[in-house]
Each structure stands twice: as C-alpha cells, then as structure tokens.
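The values are calculated or read from the model by the stated rules, or taken from the named source; none is laboratory data. Predicted model only: the values in this text are computed from it and were never measured. With ideal geometry, Cβ positions are generated from the backbone for all residues, glycine too; neighbour counts draw on all protein chains shown. Areas reflect the complete protein model, heavy atoms only, side chains present, ligands, DNA and RNA absent. Shrake-Rupley method; radii C 1.70, N 1.55, O 1.52, S 1.80 Å.
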Amino acid sequence: MNRFRPRGVWGFILRRLLLGVLVLILVSILVFLATQALGDPARAILGRQATPASLAALRRQLHLNRPVIDQYWTWVTGLLHGNLGISLAAQEPVTTLLRPRLVNSAVLVALAAVLSIPLSIAIGAYAALKREKVFDQTSSNLLLAMAALPEFVVALVLVILFATTVFHVLPAISTIPPGSRPWNNWVALVLPIITLVIAVAPYVSRIMRASMIEVLESDYVEMARLKGLPERTVLVRHALPNALGPVFQVIALNLAYLAGGIIIIEVVFNYAGIGSAVQEAVLNHDLPVIQALAMLLAAVYVILNLLADVATILVTPKLRTRL
C-alpha cells in the first residue's frame, strides 16, 4: 500500500487538499442543517400577517417546498459551478449582492495582515534577542495586556481617543457610500485597521518570541557560532527560518480569525463589509447569503491552513526529510 502513497512535498500537498475537500463537505452539511433550523424564510419575508396561500406560493417560488435532500444537492452543485443562489430578501444573485462587501472586507484584512505580520515577527524576534532585558519585559507585558482586551473594547477605546473629544483627528465611523471603494477614503480605514492589528499582533509576537528563544538555544545554532559564522548570518540563515515554522501556523489561524472576526469590527465602525451582510441575512432569514458566507469562511480556513503547512515544511529542513 505504501508504494501507492504519494511522497515528498507534493504528496503532502495532495493529502492536505483531499483532507480540505472532506472538511468542506462536512462543513457544507452542518451549515445547511443549521440554516434550516433558523426558521421559515417565507414567513420572514412576508411577515406575520401573510396568508397561508401567499406563504405556500412563495415557498413554491423559492423551491422551499422540495425535500431537504433535494435542496441540499441543488445548493452544493450550484456552489461547484460558482452559483451561490438567489438572495431571498433582495431577490438578486448572492454573488452580485456580496461582491462589493467582500472587496471591502478583503481590503481591511489585507492591510491589517500586511502591517501586523511583519511587525509581530520583528517584535517577537527582537524580544527573544533581548531576553529578560527592558525591551523584552516591556513588550511582553504590553502584548499580554493587549491580548486580554476584546476587539470591540479596543475599537471603542480608539474611537474615544482619536475620534471624539480627546484628539478628534480621525472619523469615528468608516462609512463607504454605495458605489464607492475603501481606497477612496483611506482616513476612514485607519481605526479599523489599527484595531485588527492590535487583535492579531500579540499572539504572533509571543509565539515568535518563544520559538526564537528555543531555536537560539539549539545545538545547530551553537554549532554555527562555533564555526565562526557572523552573528547576522547565524540569525538570518539558521535561527530565523527555523523559528518561523510554528509561527506560520499561528499566522494562518489569526488571518482566518481576521476573516471571521472582522464582522464585529465592521459593526462597530459601521463599515460596509461582510459584517453588515451577515447581520442583515440573519435578521431576514436569508438562507442563501448565510450559507454562502459560512462556506466562504470555511474555505478561507482550509486554504490558509494548507498554505501554513506548506510554508512550514519549506522553511524547516527536518520536516522535509520526513516526508
């Protein structure tokens, strides 16, 4: 049996892809069953005063009168063909409804990731090099305090400090007019991005510090120093790549968290992203929108974890030899 098992990095990627597909199938079943339990979409659309005849007609129009298995199969096959369905509330394709909001949220996540990941790695690595010194102790205490704060608390504190009576230099809300794009008003993005950076940076920095300390105390780093290699070479070529392995996993989890946790931040700042889309879909019992967003977030988790695994293997020679 083992000779038919793909080996090497490509074999690992193939196995992880198959596992990711299996996870998405299971998630699709759970998402579909969970949304079925939210209630009757026809009742939510027509209201409590709707007559039985109008409810029955709308259910037929929306294909809600079909067996659950048929509804699930139609939905899944539509996903495979890029068809996310029709919004029950807006009566337009879910793709058309969500596209501008997904772009808005993607801008926030991308900017927060670009800022937080290099900053977190730099802080963690430098704290490890200055272990038990002033910078290490100060940064550790500050990061621990930041990690203990919920995102909405951080957002409210930033609004109080920079958007009200203290400084009043930034807008308190990040409203995007219909048809506009986030990059048309960069100032409105500052507070949401800072909030997301503060939400992510503490975890990545602390893991980077712990991983870097462990690597700096390893035998191969000590051997590189005994060979007379410059300290810069030891750190860049030997210590840093091996320390990044565990950090990639944390980065993937935090980026996936950004994709889902951004909902709270968008609600606080009245930002037109997937947060408002989720809120409206739940209130309106808009099942296709809820299902599409849930599957999107699940796919983001699977893809980011796959990329983290591959990156960990590429920078860790020990893991490559075991495949």
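What to note about this one:
- Top of Ala243, Ala252, Ala224 by mean-square fluctuation, Gaussian network on the chain, Cα under 10 Å: Ala224
- The charge dipole of the chain, taken about its Cα centre with unit charges on the Cβ of Lys, Arg, Asp and Glu (plus for the first two, minus for the last two), comes to roughly 920 debye.
- Prolate/oblate/rounded call for the chain, Cα gyration tensor, a/c under 1.5 rounded: oblate
- Three-way shape call for region 54-196 based on the alpha-carbon gyration tensor, with the a/c threshold at 1.5: prolate
- The residues Asp219, Asp70, Asp286, sorted by heavy-atom accessible surface at 1.4 Å with ligands and nucleic acids left out, run Asp219, Asp70, Asp286 from largest to smallest.
- Once the Cα-Cα distance is subtracted from the 0.36 nm per residue extended length, the Gln279 to Thr175 segment shows a gain of 35.8 nm.
- Segment Lys130-Ile160, length gained on full extension (0.36 nm per residue, minus Cα span): 7.4 nm
- Rolled with a 1.4 Å probe across the full set of protein chains, the surface gives Lys130 an accessible area near 70 Å².
- Nearest-ten-degree value, helix 274-283 long axis tilted from longest Cα axis of the chain: 40
- Of all accessible heavy-atom area on the chain, the percent that carbon and sulfur account for (1.4 Å): 68
- Considering helices alone, the calculated mean residue ellipticity of the chain at 222 nm is -24000 deg cm²/dmol, with DSSP H runs of length four and up weighted by -39500 (n - 2.57) and normalised per residue.
- Length released on extending from Ile25 to Arg99, taking residue separation times 0.36 nm less the Cα-Cα span: 24.3 nm
- Prolate/oblate/rounded label for region 114-167 (Cα gyration tensor, a/c 1.5): prolate
- Summed over the residues of region 72-116 and divided among them, the accessible surface reaches 51 Å² per residue at a probe radius of 1.4 Å.
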